[in-house]
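Working notes, structure below.
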Amino acid sequence: MGFVKALCRFVLPCALAIGLCTWARAQPGTTPDAALARLLAEARAAATPAACARSDTDRLVRVFCNKQIRMGIRENYPLFGTRKGETRAGYDIDVAHAIAKALKTEAAFTRVTPANRIALLAEDRIDVAIATMGHNTQRDGQARFIRPHYYQSETILVGPRAIDIKDWRDIAGRTICVTIGNGSNAQIVSHGVRLMLFEEAAVLPDRLRDQTCGLAAQDDSFFAFHFTDTAFAARFERKFGFAQVPWGMAVAKTGSDKLANALDLLSQIFHRDGVFLDIARANRVADGFLTGQREVWKLAACNTPAGASDKSCVLPPLSAALQATSFATSVTAFEAWLKQSTGVVLQLPMLKTVPAWTLFKAGILNSLIMIAGALAATLGFALLLGAALGSHYRWARWAARALTIIMQSSPVVLTLVMAAAIAHTFFDYSAAVALSAAILALGLMNGSNAAQAVAEAIVTVRAEHEGANVNHRSLYVSALNRSATQIISFLINAAKGTPVASFIGAPELLSALTDITAFASGRATTYTLLLIFYIIVVAIVVYLCGKLQRYLEQRQGAA
């Protein structure tokens with residue numbers, strides 16, 4: 001009798017609970033699988049000709065309208081997304097195919113980069129980005145990330161073994177090669193580091209090998225492949241890591257609610273059933289994160305249609321909030337007012353965060369220093385070389401002529417690079433060294449052209465006064481007055497040419513804005529402001545040069 005009572009008290013309730021759970025799991029909509037099946041059936045039914053023709057139709061419905069899902073994929077990221085001819089391979093590629101298979105549609109691939117993957121979503125050129133994109137709080141305002149995340153990585157700093165670098169204190173003032181759009185760029189800049197930007201991560205190992213880059217920062221998952229190369233591993237090493245971030249597939253912020261829901265449910269299922277894990281192992285990708293996630297999504301508490309919104313199941317995005325400026329709220333309010341009043345979308349990222357504002361101010365100051373220096377150097381070299389070219393001494397003329405020919409024949413960028421290389425041979429890199437090298441190069445290039453005009457004027461004036469007793473100083477002043485127009489034109493050219501100095505790491509405004517756009521949106525507005533800045537500066541230079549020319553003409557008339 002006691003045994004029967006125990007059976008009734010313990011075994012029967014357990015059996016009843018198991019039965020209820022089994023029944024509940026079998027009910028429509030109580031599992032991710034059932035919720036996904038219902039959502040896809042509704043989307044397929046909604047894919048009528050009328051709905052397919054509307055621009056506001058959810059992108060999941062349009063996937064069934066077009067019988068394909070447009071995937072944004074990287075092509076130069078070993079183990080995750082590569083392409084040789086028409087053959088694509090990698091973890092992200094196989095994930096894309098698995099999604100297309102689950103939706104019973106075709107996958108259409110579009111190459112994306114860190115700089116354009118979110119923009120292509122917003123422009124409706126792709127439906128989903130599966131492009132090694134870290135999910136951070138900053139990007140939450142730009143795209144809708146799929147949860148749970150499909151991978152995780154951290155950014156690592158890689159450099160030659162001979163360089164002793166242990167933490168941020170060892171890299172202040174250095175230049176680090178990064179890719180545009182990398183979420184960790186803002187953190188790097190905040191430590192007083194200069195950025196050298198590239199569109200694709202694939203070039204970073206080669207730039208390390210040829211010493212274009214002294215250091216490079218990129219996901220550990222990217223460099224994992226290259227460290228399998230014994231030659232690479234013998235020369236370079238991981239210095240330290242930072243910014244551990246979960247990777248998220250992403251869809252457009254608007255017009256993709258149903259598509260996002262479907263991908264959320266599908267990601268849960270792929271984790272629970274080990275689909276992500278199997279794909280990673282097939283592509284030789286580290287699987288520690290995915291192994292842990294599989295256990296999470298097998299839990300009954302997470303294996304529900306609402307699991308993707310359960311904070312105890314999903315990972316939070318990396319906090320990428322930058323310190324705001326004291327006037328950031330006013331700037332945001334102005335942007336909103338302008339959009340509401342005129343429809344013009346204006347973004348001013350350089351005014352909203354402290355790192356961007358610091359770069360912006362330094363860029364303006366350095367640009368003004370460079371412009372003033374380039375004008376002074378151009379005028380100085382014009383006077384010096386002009387006098388040498390018009391000299392009675394043959395050795396002075398030949399030396400000046402050789403230098404002038406070299407300067408006039410060399411491309412601007414090459415001249416700047418050579419000047420920087422010579423400067424860095426004698427001095428360690430610094431903003432002052434880069435600015436000085438750029439000023440000297442710009443002064444020599446424009447000054448040599450102006451000097452030729454001065455020399456030709458000297459020859460003309462000398463011929464006009466042949467036989468007359470004219471002292472050399474008066475002759476030279478007359479020649480300067482006659483060549484004033486050409487000198488002024490090359491002064492203006494020097495002012496306009498200063499942004500080119502960004503090629504050698506001079507931290508002027510173009511370089512500063514490029515760093516800002518590496519971690520902030522609003523590229524069109526940012527570079528429009530750069531254009532306006534230089535238009536204003538050149539206009540001021542033209543005005544001042546005009547006053548100088550009138551002064552010289554008055555002196556010539558008085559003489």
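Only the coordinates and a few stated rules stand behind these numbers; no lab work does. Bear in mind the structure is a predicted one, so any value in this text is a computation, not a measurement. With ideal geometry, Cβ positions are generated from the backbone for all residues, glycine too; neighbour counts draw on all protein chains shown.
Just to check, using Stokes-Einstein with a Kirkwood Rh over alpha carbon pairs, what's the diffusion coefficient of the chain at 10 °C and 1.306 mPa s in µm²/s?
Values: Rh = 28.1 Å.
It comes out at roughly 57 µm²/s.
In the range 96-216, the inverse of the mean reciprocal separation of distinct Cα atoms equals 16.5 Å; this is its Kirkwood hydrodynamic radius. Most simply put, the range 107-256 has about 75% antiparallel DSSP beta bridges, counting only bridges with both residues inside it.
What does the charge add up to near Gly386, with Lys and Arg as +1, Asp and Glu as -1, over the other residues with Cβ less than 15 Å from its Cβ?
Numbers: positive: Arg397, Arg401, Arg462, Arg473, Arg482; negative: Glu456.
Result for the neighbourhood of Gly386: +4.
Working note: 222 nm ellipticity from helices only, DSSP H runs with n ≥ 4, each -39,500 (n - 2.57), summed and divided by the residues of the chain, gives -18000 deg cm²/dmol to the nearest 500.
Taking every alpha-carbon pair under 8 Å whose residues sit at least 6 apart, the chain reaches a relative contact order of 14 percent.
Only aspartates and glutamates eight or more places from Lys311 in sequence, or on another chain, were considered; those with a Cα closer than 15 Å are Asp264. When we measure straight from the Cα of Lys67, which lysines land under 17 angstrom away, once same-chain ones fewer than 8 places off are left out? Reachable lysines: Lys101, Lys104, Lys258. When peptides 166-172, 298-304 are sorted by average Cβ neighbour count within 10 Å, with the highest value leading, the order is 298-304, 166-172. If you look at the Cα atoms of the range 244-296, you get an Rg and a Dmax of 12.6, 36 Å.
Could you rank the peptides 101-107, 77-83, 200-206 by their average count of other C-beta atoms within 10 Å per residue, with the highest value first?
Working: 101-107: 15.9, 77-83: 21.6, 200-206: 18.3.
Per-residue mean Cβ counts within 10 Å order the peptides as 77-83, 200-206, 101-107.
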